[in-house]
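Structure record follows, encoded as structure tokens.
The values are calculated or read from the model by the stated rules, or taken from the named source; none is laboratory data. These numbers come from a predicted model, not from an experiment. Please note: Cβ atoms are built from the backbone with ideal geometry, for glycine as well, and neighbour counts cover all protein chains shown. Calculation scope for accessible area: heavy atoms of the full protein, side chains included, ligands and nucleic acids excluded. Shrake-Rupley method; radii C 1.70, N 1.55, O 1.52, S 1.80 Å.
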Amino acid sequence: KNELTDHGRKVPAAQNDGDANLAMTIFPQLNMRKKNSSLKCAMLCVILVSIFLLVLSNIFLSTDAHFISFSSHLILPPNDEANISDETRMKNSPLLNGHNSTKLSINYEKSGICDGKKGILLIRKSDGDSGIGTKLFSYVVNQLQYADQNNLVPWIHLDPEFPCYDESVHGNETTLSFTWPSGMKESKIIEVGDKKCVWQRGGGHYYPGPVVTTNAKTKQFDLIGNGIWQSYFKPLTESIPIHDPSCRDKPLFSLHKKSIYPGLHICAPWAVRSWPFPRVPNAYRPPRGIFHEWFSPMRKRGANIVSRYYRLQPWLESLVEIANPNQERKCLSMHIRLTDKADGRKKPPLSVFKSYAEAYAEASMGGSIYIATDDGTILEPIRKEWKGAKEIITQQNIIRSSGNDAIFRVFTNETHRTNYEGLVDMYALSRCEFFVHGFSAMAEAAIYINPTLHLRSVNVDYNEKELMDVASFRKIVKEFYST
């Protein structure tokens, strides 16, 4: 007997004809000549398929009632994982590094993603002057937190904004144009006293509070390209929310840009932050100047969001594995940022990192060191002068700078490349047991990815009272590897 497959599980076929005989007993009218039986079975299958198609068409008709128009990019056959064909692929979207970053994966299978949810939060805005770590981690993590707090389904499709948008890769055409119920928006919370978010002209700025209903019935939405996110991460849900029948009556909205910056980024008490930004309310700054205690709850919240929503595209996972292979070996990661560091952050000299690197190499008895840096001039001195490490590992053949300007501001014609090279560094940094770094969104992202680094990291930007000295670091490393 052949074996049947049930969702990947092998189910043995019947070992005798007992089941068939039972069927003939229940349906005696089918117990006739073989020829007539086959004919009637075929007719029954046709009837059942016709009923199924009729029901399916009614579902899609009721769902499409909200739509004015779709661009040709999304008129696709209802396959489980339909991809945009070569003919409908966006213009100016070449294959890069063996993958096509503009391809949208859409699952039309009903998944019930909006069941029990209040609505849909379309995440499309962030600050227009930040690198990939701040844009795809800090800003997105905070909006995902807001979605969780308000029982909303998050959907990420970022607008084409500088500096992380690359027209040739992320697309420049309207890929989704639709109307949708939009009777929902964020409320506004303005704190007072030491919780007051002082902004322009000394006024208190708001941050987004609980969602509230509005009188708006429908709104037009026009989304450009692939939304940047899908070039690097998998979609958050199995299907686009507006294609899921469970979402068709749920309101959809986006946070106002000022609700995101300065609202979430500066003013919200529960936001994750990469360092104590200027103008953050006094109540939300490091207590008694103790940074590690201040970072702890934010890193827990960030790690919770990243573990649930962030899944790298396979091609990026491969690059991370090449950059810092996930094998059984001792490893220290170091993020050495020596170009721009805004908001009053200092730039420790390379000698500070060298002292911790050599202490690690000694205590680990020859562990490897992974280095992520934006300064291309320091790698040769590191390889020549740093002693004791088994090997110095870095990403090979990537874009680095040598001045005081951020890479994303210098190499504006290589935006996609600087995006994914930065993401590879974040995930490669997260693969080690110890971490030495400064204040940076990239460093915080690495800790969100691997929250155990919170307990085994040294931030060289801490003040002298809190900074772990080299001797203490050496002792901790030695004890860790001896157990």
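Of all residues in the range 205-224, those satisfying the criterion of being more than 13 Å from S254 (Cβ to Cβ) and surrounded by 15 or more Cβ atoms within 10 Å (Cβ to Cβ) are H205, Y206, Y207, G209, T218, I224. Looking across the range 369-387, the residues that are in a strand (DSSP E or B), of a type outside the set (A, V, I, L, M, F, W, C) and without any contact (Cβ under 8 Å) to a residue 40 or more places away in the chain come down to T373, D375.
When L338, L350 are checked against the criterion of being in contact with a helix residue (DSSP H, G or I) (Cβ under 8 Å, 6 or more places away or on another chain), within 27 Å of V272 (Cα to Cα), open to solvent by 10 Å² or more (accessible area, probe 1.4 Å) and not β-branched (V, I, T), a single residue qualifies: L338. The single condition among (1) in contact with a Cys (Cβ under 6 Å, 6 or more places away or on another chain); (2) closer than 30 Å to Y284 by Cβ; (3) open to solvent by 40 Å² or more (accessible area, probe 1.4 Å) that K250 does not satisfy is (2).
Residue count for the range 254-273, restricted to those that are open to solvent by 10 Å² or more (accessible area, probe 1.4 Å) and within 16 Å of V211 (Cβ to Cβ): 3. Within the range 443-483, if we keep just the residues that are more than 28 Å from L423 (Cβ to Cβ) and among the acidic types (D, E), the residue that is least open to solvent (accessible area, probe 1.4 Å) turns out to be E466.
In the set (1) over 30 Å from A147 (Cα atoms); (2) surrounded by 13 or more Cβ atoms within 10 Å (Cβ to Cβ); (3) in contact (Cβ under 8 Å) with a residue 12 or more places away in the chain; (4) not hydrophobic (A, V, I, L, M, F, W, C), the condition left unmet by N326 is number (2).
For L429, the conditions (1) open to solvent by less than 10 Å² (accessible area, probe 1.4 Å); (2) over 17 Å from I369 (Cβ atoms); (3) of a type in the set (A, V, I, L, M) all hold with the exception of (2).
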